[in-house]
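Novice: Quick one: the structure is below, and I'll ask about it shortly.
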Amino acid sequence: MDAQNMIQSLGTEARKAAATLAQSSGGMRDEALLACARAIRKSKPSLQEANDKDLALSGEFGLSGAMVDRLRLTDDRVESMAAACEQIALQRDPVGQTIAAYNRPNGLRVEKRRVPIGVIGIIYESRPNVTADAAALCLKAGNACILRGGKEAINSNLAIAAVLRQAIKAAGLPPATITVIDNPDRALVPAMAQAQGLIDLIIPRGGKALIRAVAEAATIPVIKHYAGNCHVYVHGQADLDMAERIVMNAKCQRPGVCNAMETLLIDSAVAKQFVPRIVASLLDAGVELRCGQLAEKILPIVDVSEQVLKEAADEDWYKEYLDTILAVRVVDGLDSAVDHINTYGSGHTDAIVTESIQAADKFVAAVDSSSVMINASTRFSDGGEYGLGAEVGISTDKLHARGPMGADDLTTYKWVVTGQGHVRS
């Protein structure tokens, strides 16, 4: 079956499921989510067996160490998928929620209510936990979903989907609520992006090339999850002990994810004290550095190879390394830090470390990013950490959603107007 016919068939079944979900109760969807959590835990051995097949092939696909880490389903990550289903089930039901309500002078009652979007297509790479997280959030919001993961995780994705579909069916909802495409053919990407009347929204998660390909091909709405070129700015009034903890966590805790820091900005007011100290800590942690000229001048002579400590090129300020590589720059004050972030950043997550309330407020107002952190690591930019249970992606767009997307962000709204025989003159 060619790509267009496959999407036509899967999309038709998904639309039928979406129609059923739109009329289902929140309690029924929550019971299905709890059933999914139980099924994930029970199926951990088979899920990890499928994941082992993907890991065994990772070398053939040329995956970096960071990408292999994203692919791996550890015990903790399997448990996190199950826990996310439970947390999402415990959240309030977004469907039918009244956003606004008021009475007009003529007696009409006007309400704005949340409703499901319908069928959501999600295209993603590497991380099999996205299969469970995206499916759970779509289900919570009353949507059916069609998921197309990368070939490097196909065994894991299909195994997770099979477990979820069985649990959903047992809970009385249609299995086509969740569909994972079992074909890695790249022709399916534009076919999904052009499936008008079948898929209502498409969300690509992955590298810039994938997102650009989807956005350029799409004839349906797209919410983009572009690069996570995240910054930490150490302000001139920062607690330097705190700054070091935040910097090391933001870069080293898990460098291969989109909310890891990629550029460190250090205020010239504290550069002489902080640059040698933080560079030493980063090098000890195995981080390769790309330093701006001012940072290089402040550094003492360090006996390391040029491979781990060298001058930054202009292109380094734009990069999302997703690896143990970090760009470091000294900036002349808060305005310079903001200018750098808004020039080179991707609108994902940026942080300031400061004891000045005024500086923090100005940073929040001036930095054009979906998440801004004050005295906290960029690694907290995550749906689970925000209390959303999980996320279907982190939108770097401004419409229709921005930042980590939970169940509320997977709804649209309709106007409901109630009269008493009103007619318009």
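Novice: Quick one: is residue 376 touching a helix residue (DSSP H, G or I) at 6+ places or on another chain (Cβ under 6 Å) and assigned to a loop (DSSP other than H, G, I, E, B)? Can you show your working first?
Specialist: Numbers: touching a helix residue (DSSP H, G or I) at 6+ places or on another chain (Cβ under 6 Å): no; assigned to a loop (DSSP other than H, G, I, E, B): yes.
No, not satisfied.
Novice: Identify, from the list 96, 142, the residue that is at positive phi, surrounded by 21 or more Cβ atoms within 10 Å (Cβ to Cβ), in contact with a Lys or Arg (Cβ under 8 Å, 6 or more places away or on another chain) and at pLDDT 95 or above. Show your work before the answer.
Specialist: Working: 96 fails: surrounded by 21 or more Cβ atoms within 10 Å (Cβ to Cβ).
Of the residues listed, the single one that is at positive phi, surrounded by 21 or more Cβ atoms within 10 Å (Cβ to Cβ), in contact with a Lys or Arg (Cβ under 8 Å, 6 or more places away or on another chain) and at pLDDT 95 or above is 142.
Novice: Any idea how many residues of region 381-414 are out of contact with any His (no Cβ under 9 Å at 6 or more places or on another chain), over 22 Å from residue 89 (Cβ atoms) and in a strand (DSSP E or B)?
Specialist: Total satisfying the criteria: 2.
Novice: Okay, moving on. Residues that are part of a helix (DSSP H, G or I), of a type in the set (Gly, Ala, Ser), in the same structural domain as residue 356 (by TED's automatic domain parsing) and modelled with pLDDT under 90: does region 204-220 have at least one?
Specialist: Step one: list which residues in region 204-220 are part of a helix (DSSP H, G or I), which gives 208-217.
So of that shortlist, the ones also of a type in the set (Gly, Ala, Ser) come out as 209, 213, 215, 217.
In the following step, the residues that additionally are in the same structural domain as residue 356 (by TED's automatic domain parsing) were identified as none.
Among the residues of region 204-220, not one is part of a helix (DSSP H, G or I), of a type in the set (Gly, Ala, Ser), in the same structural domain as residue 356 (by TED's automatic domain parsing) and modelled with pLDDT under 90, which makes the answer no.
Novice: To continue, here is another question. For region 252-315, give me every one of the strands (runs of 3 or more DSSP E) that falls completely inside it and has 1 or more residues that are within 32 Å of the chain's Cα centre (by Cα), modelled with pLDDT under 90 and within 30 Å of residue 125 (Cβ to Cβ). Can you show your working first?
Specialist: Working: elements: 261-267, 288-291, 309-311.
Ranges flagged: 309-311.
Novice: Can you name the number of the only condition in (1) touching a strand residue (DSSP E or B) at 6+ places or on another chain (Cβ under 7 Å); (2) modelled with pLDDT under 95; (3) of a type in the set (S, T, N, Q) that residue 369 fails?
Specialist: (2)
The values are calculated or read from the model by the stated rules, or taken from the named source; none is laboratory data. From a predicted model like this one, the values you see are computed outputs, not experimental measurements. Glycine gets a Cβ as well: all are built from the backbone with ideal geometry, and neighbour counts include every protein chain shown.
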